[in-house]
Amino acid sequence: MADMVDFLSTSLRVTTPILLSALGALIASSAGATNIALEGIMLFSAFVGAVVSGLTHSLILSLLSAVSSGLIMTGILAFFSLKLKANIIMAAIALNIFSSGGTIFFLNVITGEKGSSASIESLVFPTLEIPLINKIPGIGEILSGHNILTYFALFSVIAVSFMLKRTPLGTKIRAVGENKEAAESVGISVRKVKTVALLLSGFYASLGGVYLSMGYVSWFSRNMTSGRGWIALAAQALGGKSAYGVAISSGVFGMSESASYSLKLLNIPGELTQAFPFIITVLMLIIVSFKKERRFIGNS
Amino acid sequence: MKGRKVKKINISNELSKTLIVILIALLAGYILIFLTGLDWKGGGFFQSVRTSFQQTGEAYEIFLSSPLFKLNRAIPEFNFKGFVQWINQSVPIILTGLAVSLVFSAGIFNLGAEGQMFAGAVGGTFTAILFPAIPVIHAFMVILTGIICGMAVAAIPASIKYKLRGSEIVSSLMMNYIALYIGLLLIRTFLRDEISGALMSRKFRETARLFLLNERYKWHIGIFIAIGVTMLIWFIMNKTTWGYKLRVTGANKTFANYSGIPSTRMVFQTQLLSGSIAGMAGIIVLAGYHGRFLWVNSPGYGWDGVIVALVAGQKPLLVLPAALFISYIRVGATTMGRYTEVSPEIIAILQAIIILLITAKAFLANRPLMETVRSAMPARREDG
């Protein structure tokens with residue numbers, strides 16, 4: 001029982017960064033833009049958050065600067081892909097390469113180290129005890145006492161779902177994603193809508209990144225995202241166009257990561273659990289496209 | 001005749017754009033090193049500027065010259081060690097550059113070169129350690145296993161695209177991580193060198209190693225393999241019907257379909273060919289230079305291949321100079337990192353700038369913009 005509680009609580013903790021980024025991926029892909037720069041945005045925001053908080057000792061300033069770095073990166077992505085007609089995949093690859101090396105370069109400039117920013121310890125976002133719920137044995141330990149960003153992530157599932165389904169902005173985003181020409185013909189500015197969607201995805205990815213360096217731990221270390229941006233992309237591909245679907249697939253991936261900590265005792269190799277999200281996604285992509293194909297043949 | 005002329009001008013336009021972009025990136029790197037080198041606390045502003053200026057100059061001198069020259073008592077002389085590193089380093093990048101160029105010219109975004117390269121290296125390692133030690137044939141088999149494994153990894157997203165019309169972007173990206181983790185698992189379980197503390201494979205058999213041109217700096221014959229493959233791809237792309245069909249498919253899929261070219265099959269075959277070339281890249285580095293499998297993380301040659309394909313504009317013959325350039329700045333940056341305070345990771349920033357500006361179609365190539373500028377000028381004169 002205690003093991004189970006521990007497992008679920010850890011699952012929620014490790015799901016947070018994946019879920020936040022996956023929601024970003026969802027918004028971007030709803031507008032028909034594949035944002036594969038999530039990994040780079042997460043990494044760079046994690047870096048900016050940790051360093052700014054280490055230097056200024058201000059939670060608000062570090063949050064703001066981390067989020068703005070994420071917004072600037074997606075802004076560059078939007079500007080190059082929509083205005084300068086660059087291929088969005090290529091531009092995103094550029095951003096990922098920039099983050100992987102750039103964070104180390106700037107880390108070295110600022111702290112003189114290349115491994116981590118542990119020498120200037122950063123602040124950590126506060127945890128939240130939920131009244132009443134934290135009194136319930138078991139459930140209280142699972143749900144209460146998490147980082148404030150974890151609750152924001154859970155809240156965002158509802159918010160993003162509502163935004164996409166029920167607000168004018170969401171309708172425009174989906175219209176642009178479904179059929180660009182039709183959207184344009186009714187006077188929707190495709191470029192504007194896509195830019196907004198990309199910026200929102202950058203916002204969520206940067207929160208996912210900040211959670212890693214200022215929630216999970218209190219420092220930045222090189223390549224600390226270790227593929228979480230790609231897992232988020234996988235979670236979106238698996239969860240489809242619904243925020244709840246994305247939340248479920250993120251949760252499954254979080255659980256598999258959490259299980260990898262406890263499964264070490266069962267002698268299941270760590271590499272296998274690390275590969276799990278990607279294997280499951282490829283399998284699901286095969287199954288989903290197989291179904292689509294059947295329907296396609298049926299219709300014609 | 002006329003059409004040909006126009007095309008030629010376009011190519012030289014592209015080339016000059018690429019050169020300008022590279023210059024911009026180098027300049028940006030220079031400015032970045034200068035700015036981060038400023039010491040805001042100690043001394044006066046001008047003193048600080050002067051020191052940083054000098055340091056940046058020294059760093060850039062090493063960065064841009066070290067693969068070819070070294071200073072021996074202030075007299076530059078040929079740096080053979082640097083040269084060998086440069087050539088060796090360029091081999092995997094040429095191969096992944098060709099692999100990525102191929103899929104890009106078919107108009108698809110298979111970004112799985114990294115995973116194909118990694119799988120090839122893992123598969124080749126098995127052959128290099130377990131296959132009977134027959135001279136020449138063994139080394140040949142090692143590379144062949146690399147080719148097959150790379151192709152196998154490419155086949156998965158390729159079949160999803162071909163048979164099921166699923167997007168190849170996400171599935172090929174996922175394959176990178178699957179290849180990485182499963183590859184590491186296989187090496188660790190079956191071929192791990194128990195004596196060594198770090199995670200690496202046992203040593204390759206001597207017969208699995210590539211022939212060395214220079215023993216001391218381990219200059220292996222990989223560069224000739226890479227040049228050979230480049231020639232082969234150039235020939236396939238430009239002198240065979242298959243290559244012609246491929247280029248038509250990449251240029252306009254609908255047109256290809258109407259003219260009877262099976263475009264989806266072309267796309268499928270191209271991804272397999274691309275995977276087999278990427279599969280060679282990693283194992284050649286291991287069999288030529290290291291002599292064992294020692295990667296605990298993906299070495300990134302696949303992503304270098306994306307840059308090379310972009311800089312080369314997907315033209316096989318231009319892949320050679322493009323890969324040599326990327327490898328040159330890599331080796332130069334590593335040496336710079338050894339002798340100065342500047343960390344070599346700065347080249348990631350330069351590479352990002354290069355990719356962004358080259359893919360930006362509207363950057364320096366915006367004819368309407370240029371026309372507006374031109375037409376705006378006389379108008380202004382009329383105003384004045």
**Item:** Qualifying residues in the stretch B:323-362 (those that are touching a residue at least 40 places away in the same chain (Cβ under 8 Å) and in a loop (DSSP other than H, G, I, E, B)) - the one farthest from A:Phe98 (Cα to Cα)
**Value:** B:Thr340
**Complete:** Over the stretch A:130-167, the set of residues modelled with pLDDT under 85, among the β-branched types (Val, Ile, Thr) and touching a Gly at 6+ places or on another chain (Cβ under 9 Å) is A:Ile130, A:Ile133
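Can you tell which of A:Gly102, A:Gly75 is more than 7 Å from chain B (Cβ to nearest Cβ) and either farther than 17 Å from B:Lys361 by Cα or surrounded by fewer than 23 Cβ atoms within 10 Å (Cβ to Cβ) (or both)?
Selected residue: A:Gly75, the only one of A:Gly102, A:Gly75 that is more than 7 Å from chain B (Cβ to nearest Cβ) and either farther than 17 Å from B:Lys361 by Cα or surrounded by fewer than 23 Cβ atoms within 10 Å (Cβ to Cβ) (or both).
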**Request:** Would you tally the residues in the stretch A:46-64 being touching a helix residue (DSSP H, G or I) at 6+ places or on another chain (Cβ under 9 Å), away from chain B (no Cβ under 14 Å) and farther than 26 Å from B:Ala25 by Cβ?
**Result:** 12
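If a residue must be outside any helix (DSSP H, G or I) and more than 18 Å from A:Asn87 (Cβ to Cβ), how many such residues does the stretch B:75-133 contain? Walk me through how you get there before you give the answer.
First, the residues of the stretch B:75-133 that are outside any helix (DSSP H, G or I): B:75-79, B:106-112, B:131-133.
Those still in the list that are more than 18 Å from A:Asn87 (Cβ to Cβ) too: B:75-79, B:131-133.
Of the residues in the stretch B:75-133, 8 are outside any helix (DSSP H, G or I) and more than 18 Å from A:Asn87 (Cβ to Cβ).
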**Request:** Give me the pairs, please: first residue somewhere in the stretch B:7-18 and within 14 Å of B:Ala322 (Cβ to Cβ), second residue anywhere and at pLDDT 75 or above and assigned to a helix (DSSP H, G or I), beta-carbon distance under 7 Å, and either six or more positions apart or on two chains.
**Result:** B:Thr18/B:Val311; B:Thr18/B:Ile358
**Message:** Considering only residues that are within 7 Å of another protein chain (Cβ to nearest Cβ) and not in a helix (DSSP H, G or I), which ones fall in the stretch B:166-192?
**Reply:** B:Gly166
**Complete:** Note on B:Phe211: of the conditions (1) more than 10 Å from chain A (Cβ to nearest Cβ); (2) of a type in the set (A, V, I, L, M, F, W, C); (3) crowded, with 18+ Cβ neighbours inside 10 Å, unmet is (3)
**Item:** Residue list for the stretch A:79-94, restricted to those being within 14 Å of A:Leu38 (Cβ to Cβ) and more than 7 Å from every other protein chain (Cβ to nearest Cβ)
**Value:** A:Ile88, A:Ala92
**Message:** Quick test of your reading of the structure: A:Ser256 fulfils all but one of (1) more than 11 Å from every other protein chain (Cβ to nearest Cβ); (2) assigned to a loop (DSSP other than H, G, I, E, B); (3) of a type outside the set (A, V, I, L, M, F, W, C). Name the failing condition by number.
**Reply:** (2)
**Message:** I'd like to check something: does the stretch A:263-281 contain any residue that is more than 10 Å from every other protein chain (Cβ to nearest Cβ) and in contact (Cβ under 8 Å) with a residue 40 or more places away in the chain?
**Reply:** no
**Prompt:** Of the conditions (1) within 23 Å of B:Val296 (Cβ to Cβ); (2) at pLDDT 85 or above; (3) part of a helix (DSSP H, G or I); (4) open to solvent by 30 Å² or more (accessible area, probe 1.4 Å), A:Trp230 fails just one. Which one is it?
**Reply:** (4)
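Each row is one residue, and each column tells you yes or no for (1) under 20 Å from B:Val153 (Cβ atoms); (2) open to solvent by 10 Å² or more (accessible area, probe 1.4 Å).
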residue: B:Thr230; (1), (2): no, no
residue: B:Arg247; (1), (2): no, yes
residue: B:Thr254; (1), (2): no, yes
residue: B:Tyr258; (1), (2): no, yes
residue: B:Gly302; (1), (2): yes, no
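For (1) among the basic types (Lys, Arg); (2) modelled with pLDDT under 95; (3) surrounded by fewer than 16 Cβ atoms within 10 Å (Cβ to Cβ), each residue gets a yes or a no:
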residue	(1), (2), (3)
B:Val319	no, no, no
B:Ile329	no, yes, no
B:Thr359	no, yes, no
B:Asn366	no, yes, yes
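Per-residue answers, yes or no, for (1) hydrophobic (A, V, I, L, M, F, W, C); (2) at positive phi; (3) open to solvent by less than 40 Å² (accessible area, probe 1.4 Å); (4) in contact with a helix residue (DSSP H, G or I) (Cβ under 8 Å, 6 or more places away or on another chain):
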site: B:Arg50; (1), (2), (3), (4): no, no, no, no
site: B:Leu64; (1), (2), (3), (4): yes, no, no, yes
site: B:Arg73; (1), (2), (3), (4): no, yes, no, no
site: B:Phe80; (1), (2), (3), (4): yes, no, no, no
**Message:** Just to be sure I understand the filter: pairs with C-beta atoms under 7 Å, separated by 6 or more residues or on different chains, first member in the stretch B:208-219 and part of a strand (DSSP E or B), second member open to solvent by 60 Å² or more (accessible area, probe 1.4 Å). Which pairs pass?
**Reply:** B:Leu212/B:Lys218; B:Trp219/B:Leu213
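The values are calculated or read from the model by the stated rules, or taken from the named source; none is laboratory data. This structure is a prediction, so every number in the text was calculated from the model and none was measured. Cβ coordinates were reconstructed from backbone atoms using ideal geometry, including for glycine residues, and neighbour counts include every protein chain displayed. Surface accessibility is based on the protein's heavy atoms, side chains included, excluding ligands, DNA and RNA. Shrake-Rupley method; radii C 1.70, N 1.55, O 1.52, S 1.80 Å.
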